[in-house]
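Here is the structure we will look at.
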Amino acid sequence: MLIFTEKKKLREYLDKNTNRSIGFIPTMGALHEGHISLVKKSLELCEISVCSIFVNPKQFNRKKDFTNYPVSIQSDLKFLSEIKCDAVYMPSSSDLYKKNEKIQDYNLGRLTKIMEGEFRSGHFNGVITVVKKFLDIIQPTHIFFGEKDLQQLQIIKFIVKQEALNIEVIQLPTIREKNGLAMSSRNKLLNDTEKEKASLIYTSLIFCKNQKEKLSIQEMKKKITQDFKKSTYLELEYLEFIDLVKFQETTNWERENAICISAHLNNVRLIDNIIL
Ligand code: AMP
C-alpha cells in the first residue's frame, strides 16, 4: 500500500496509471467497518482505490468537536493495508488549503439549509470545498459514500450532476453495531453503557418505519420526543421526515422518504437515518 502525504506525489503516481478506473473513498479516519465496506466496494469495482484520511478543519463549526475528533492513524493504516487498498492520501492542511483560505458559500437551498445545515452552520461549505479539492487532485472515476451521512451524499450527488462531472457516485448502506447503533468514528468517544443507551436512536428509527401505516408523522414526532426526554443520556437535536426527491421535510409518505435523527450524548454528536 502506498502512502502519500503530498498531492504532488499522489498525482505523479496516478499519472503513471492513466486509463485505469480510480475509486476514491474520502474519510476522516478512525476507521471502522462502515469505512471498510466502502473501500472493499471500491477494490471490487475499480482498478485503483485511493482512500483519504483527513480531519477537515473547515467542516467543523465547533472547535472542541474538531480537537476531540478521534485519531488512530496506525490502526487505520493497518486496516487498509490488510484489505490491500492501493493508496492512502493523508495530507496536512497546508497541502490542501492556502493560508487563511476563504471558504466559498454554497447555497443549495433546502439541501444545505435543513438538518446538518441548520445545526452545523458552514458544515457543508467545508465538506463541498474539501471534496472538490480531492476530486481535482485524484480525478476519480468512482467516488464512494455511506448512506449514514445521507444529506452529505445527496449534496455530493447534486454537485456531480450540476457540474456534469464524469464520476459515478456509489452509495452504500449503513453498517451497524449489534444493537443497531450506526458505526461512527465518534462512537470511540463513548463507553459501553453510553453505546448501549445510544441504541435508542436506531430503535426510534425502526419504530417510525414500523408505524408508518398507523401513526401520523406528528404522532411519531411526539412519541420519539417523549422517549428521548425520558432518556437521561440522550438529547434529541432533530427528528426529520424527509422527501428524498425534493430533499425537504415532508408531512406525508407519498414517495421515497427517509427518517433522520441527530442526538447528543454527553458531548458526542450522533446522526443516523433510515431510508424507506
Ligand atoms: P467520515 O470518516 O465520518 O467522514 O466518513 C467517511 C465515509 O464513510 C462517508 O461516506 C460516510 O458516510 C461513511 N460512513 C461512515 N460511517 C458509516 C457506516 N456506519 N456505514 C457505512 N458508511 C459509513
### Message
About the Cα centre, and with charges only on the beta carbon of Lys, Arg (+1) and Asp, Glu (-1), how big is the dipole of the chain? Nearest 20 debye, please.
### Response
440 debye
#### Entry: Violating pairs (Cα-Cα greater than 28 angstrom) within the set Lys9/Lys132; Lys41/Lys222; Lys7/Lys178; Lys133/Lys209; Lys178/Lys212
Lys41/Lys222; Lys7/Lys178; Lys133/Lys209
### Message
As an exercise, identify the GluC sites (Glu not before Pro) in the stretch 181-273 lying in DSSP coil whose Cβ has no more than 15 other Cβ atoms within 10 Å.
### Response
Glu213, Glu254, Glu256
### Message
For the pairs Lys78/Lys161; Lys64/Lys98; Lys16/Lys157; Lys58/Lys157, flag any whose C-alpha to C-alpha distance is greater than 27 Å.
### Response
Lys78/Lys161; Lys16/Lys157
### Message
Can you give me the convex hull volume of the Cα atoms of the chain, divided per residue and expressed in Å³?
### Response
131 Å³
#### Entry: Inverse mean reciprocal Cα-Cα distance (Kirkwood Rh) of the stretch 117-157, Å
11.1 Å
### the stretch 145-261, dipole about Cα centre (Lys/Arg Cβ +1, Asp/Glu Cβ -1), debye to the nearest 20
300 debye
### Query
In a GNM of the chain with a 10 Å cut-off on Cα contacts, which of Gln226, Gln171, Gln59 has the highest mean-square fluctuation?
Gln226
### Message
Among Ala182, Ala30, Ala164, which one shows the highest mean-square fluctuation when the chain is modelled as a Gaussian network with alpha-carbon springs under 10 Å?
### Response
Ala164
### Rg over Rh [alpha-carbon atoms, Kirkwood Rh] for the stretch 58-186
0.95
### Message
Explain nothing, just the number: relative contact order of the stretch 34-143, from Cα pairs under 8 Å at least 6 residues apart, as a whole percent.
### Response
36 percent
#### Entry: Phi-based couplings in Hz for the stretch 226-240 (Karplus 6.51, -1.76, 1.60; Gly and Pro marked x)
5, 4, 5, 5, 6, 6, 7, 9, 9, 10, 6, 9, 8, 9, 10
### Task
Could you tell me whether the stretch 84-152 comes out rounded, prolate or oblate from its Cα gyration tensor? Rule is a ≥ b ≥ c as square roots of the eigenvalues, rounded for a/c under 1.5, then prolate if a/b exceeds b/c, otherwise oblate.
oblate
#### Entry: Between the stretch 1-68 and the stretch 102-168, the Cα center-to-center distance that results, in Å
15 Å
### Query
Taking the Cα atoms of the stretch 139-251, what is the range of coordinates along each of the three principal axes, in descending order and whole Å?
48, 35, 21
### Share, in percent, of DSSP beta bridges within the chain that are antiparallel, nearest 5
50 percent
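Every read-out reported here was derived from the displayed coordinates using simple, explicitly stated rules and does not represent laboratory data. Fair warning: this is a prediction, and the values are worked out from it, not measured in the lab. Neighbour counts are summed over all protein chains in view; Cβ atoms, including those assigned to glycine, are modelled from backbone coordinates with ideal geometry.
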